[in-house]
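One structure is given below, encoded as structure tokens.
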Amino acid sequence: MTAQAASVPTHPQLVRVARLLGVEVEQLPVELATVPADDLRTLHDQIGEAIHRGARARFAAVAGLAAKLPAPAAGRLAQTFLPPVLAARVCEHLEPARARDLVGRVSLPYLADIAVALDPVGSREVVRAIPAPRVGEVARLLLERHEYVVMAEFARVVDEDALVAALEAASPHDLLCVVPLLEWNDTLERVVAHLPAEQLDRIVAELDHEELADLALALDPVRFGPVIARVDEVTVTALTRILLDRREHAAMARLAAVLPVELLSATLRVVPPDELDRLRPLLTDAQRELLAGLS
Amino acid sequence: MDPLTEVLGAEPPTTVRALAEETRSALAAQVHEARRATAALNAEAVEVALRGVPLPVRGLVRKTLGA
């Protein structure tokens with residue numbers, strides 16, 4: 001596994017809570033790590049509310065001012081005088097159409113800083129108003145900064161075009177870090193199922209066998225079909241060995257479901273008998289018939 | 001009242017309420033500190049922003065912002 005892949009946060013919601021509190025993850029009470037992710041997300045939102053409770057009217061007033069100024073002036077003033085953490089809160093009060101105007105008037109680094117501080121769910125309408133190309137530009141910068149947790153949170157709310165733009169900005173190693181953090185929904189399923197050919201080619205070219213196995217597991221092997229369609233027999237055999245070495249028999253069975261018959265035959269031939277015994281109950285009837293035909 | 005519930009102004013999820021009192025108190029203290037730091041940042045940002053506003057309308061903007 002690469003150093004980049006190793007930097008995937010084990011508990012992304014803890015990272016968000018720590019960031020909101022202005023502390024390092026290690027400074028949070030240790031016991032907090034036992035709280036389920038959904039509850040940590042709720043806690044995160046409650047903390048955000050608590051921290052900014054007294055200033056809500058002021059944020060709304062700033063948003064009102066921004067609506068009255070010409071967009072170029074509002075963008076310039078915001079970037080000059082409004083720290084990104086506070087700008088993120090003002091965004092929650094902006095009209096989506098106004099936000100769409102403003103995102104082109106501020107610098108990309110400032111926008112990325114706001115994205116880091118923004119609650120994408122609370123600002124869903126504003127986030128969805130941002131043109132997909134601009135989302136792609138911000139995503140590229142966030143990925144450069146290894147802000148994978150932020151990317152994953154935005155993936156929950158952006159529309160399909162924006163998600164395509166964001167994921168197209170991701171290198172294969174970025175995907176290795178982001179994919180384990182994603183919450184799957186229909187939009188994400190569609191986008192990942194239709195990653196551009198060029199990106200799929202890069203995944204195959206740039207990830208080694210161990211990393212491909214990591215990605216297969218993170219995606220769930222049943223979503224790995226478009227990648228599998230681009231790899232050779234040697235790679236499939238290597239993936240099989242790695243998954244079995246990791247005792248990921250269920251994942252191997254799911255990978256088998258997306259393997260073309262000839263590749264499945266080739267890979268089953270190299271599986272040791274004791275591993276086949278573990279794998280056999282997890283295979284479909286058709287796969288078991290194929291296996292019987294090989295022996 | 002539980003210090004965390006008090007500072008949040010709402011009951012946290014059950015799994016958070018089930019944490020040790022020491023953990024909840026430590027978290028409540030961190031929320032208090034974050035509130036203080038954010039309020040300071042907020043006030044400073046408003047003051048800095050007001051300096052960029054032309055003098056004749058500064059009072060109006062200050063009133064709008066509640067500063």
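Would you mind listing the helices (runs of 4 or more DSSP H) fully within the range A:61-180 where at least 3 residues are over 19 Å from the mean Cα position of the chain (by Cα), under 26 Å from A:L21 (Cα atoms) and not charged (D, E, K, R)?
A:71-81, A:84-91, A:108-117
Quick one: which residue in A:A33, A:A57 is assigned to a helix (DSSP H, G or I) and modelled with pLDDT under 90?
Going through A:A33, A:A57 in turn, the sole match is A:A57.
Can you say whether A:A88 is out of contact with any His (no Cβ under 9 Å at 6 or more places or on another chain), more than 10 Å from every other protein chain (Cβ to nearest Cβ), farther than 30 Å from A:D214 by Cβ and surrounded by fewer than 19 Cβ atoms within 10 Å (Cβ to Cβ), as far as the supplied structure shows?
The answer is no for A:A88.
For A:V236, indicate whether it is surrounded by 13 or more Cβ atoms within 10 Å (Cβ to Cβ), under 13 Å from the mean Cα position of the chain (by Cα) and not small (G, A, S).
Here the answer is no, as A:V236 does not meet what is asked.
Could you check how many residues of the range A:41-85 are charged (D, E, K, R) and open to solvent by less than 20 Å² (accessible area, probe 1.4 Å)?
0
Output the residue which, of all residues in the range A:135-153 that are within 9 Å of A:A166 (Cα to Cα) and of a type outside the set (V, I, T), is modelled with the lowest pLDDT.
Ranking the candidates gives A:M151 first.
Here is a list: A:V116, A:V135, A:V121. Which entry is crowded, with 22+ Cβ neighbours inside 10 Å and not aromatic (F, W, Y)?
So the residue among A:V116, A:V135, A:V121 that is crowded, with 22+ Cβ neighbours inside 10 Å and not aromatic (F, W, Y) is A:V135.
Please verify whether A:P96 is away from chain B (no Cβ under 14 Å) and surrounded by fewer than 19 Cβ atoms within 10 Å (Cβ to Cβ), treating the condition exactly as stated.
The answer is yes for A:P96.
I'm trying to understand the selection: among the residues of the range B:25-67, which are open to solvent by less than 50 Å² (accessible area, probe 1.4 Å), touching a residue at least 12 places away in the same chain (Cβ under 8 Å) and within 17 Å of A:L20 (Cβ to Cβ)?
B:L27, B:A28, B:V31
Return a yes/no flag: does the range A:255-278 have any residue that is over 30 Å from A:A169 (Cα atoms) and among the small types (G, A, S).
Yes, there is a match, as at least one residue in the range A:255-278 is over 30 Å from A:A169 (Cα atoms) and among the small types (G, A, S).
Is it the case, given these coordinates, that A:E210 is out of contact with any Pro (no Cβ under 8 Å at 6 or more places or on another chain), surrounded by fewer than 22 Cβ atoms within 10 Å (Cβ to Cβ) and part of a helix (DSSP H, G or I)?
yes
Check A:L43, A:L69 and return the single one that is of a type outside the set (D, E) and under 20 Å from B:R36 (Cβ atoms).
Only one candidate passes the filter, namely A:L43.
The values are calculated or read from the model by the stated rules, or taken from the named source; none is laboratory data. It should be emphasised that the depicted structure is a prediction, and the values quoted were computed from it without experimental measurement. Positions of Cβ are backbone-derived with ideal geometry, glycine not excepted, and every protein chain shown enters the neighbour counts. The protein model used for the area step is the full one, side chains on, heavy atoms only, and it has no ligands, DNA or RNA in it. Shrake-Rupley method; radii C 1.70, N 1.55, O 1.52, S 1.80 Å.
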